[in-house]
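The values are calculated or read from the model by the stated rules, or taken from the named source; none is laboratory data. Just so it is clear, the model here is predicted, and its values are computed rather than measured. Quick reminder, even Gly has a Cβ in these numbers, built from the backbone with ideal geometry, and neighbours come from all protein chains shown. Areas reflect the complete protein model, heavy atoms only, side chains present, ligands, DNA and RNA absent. Shrake-Rupley method; radii C 1.70, N 1.55, O 1.52, S 1.80 Å.
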Amino acid sequence: MAKTISYTDTQLVEMIQKKDRKAFEHLYDKYSGALYGSICKQIQEKSIAEEILQQTFLKVWNSTADAYSVKGHLLIWMMNVARNITSE
C-alpha cells in the first residue's frame, strides 16, 4: 500500500520557494478544488474560471517567496491572488 505524504501549508510554501515541483503538485491537489469553486462564484464562464485558476497557480509559483506571510491561511491568500487577477 502506498503511503500518503502530507505537508503543512508552511512546509509547502517553504518547498515551493525552493521550486520543488512535487510540493507544487501537493498544493494544487490540496487547494485547486476549493479555489476553483471560489473563482466560479465570481466568474460564470467555465473557460475563463479555468484560466484564472491557472494564472493563480502560476503567480503562486512565481511569487510565493515574496508575497505570502505564513501568519495567514494559504488558501485565503490564494483566493486574494485569484480575486486580484479577476479585477485586472
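So here's what we get for this one:
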quantity	calculated
Subset of region 20-42 (residues that are open to solvent by 90 Å² or more (accessible area, probe 1.4 Å) and without any contact (Cβ under 8 Å) to a residue 12 or more places away in the chain)	Arg21, Lys22, Glu25, Asp29, Lys41
Of all residues making up region 43-64, the number that are in a helix (DSSP H, G or I), modelled with pLDDT under 95 and open to solvent by less than 60 Å² (accessible area, probe 1.4 Å)	4
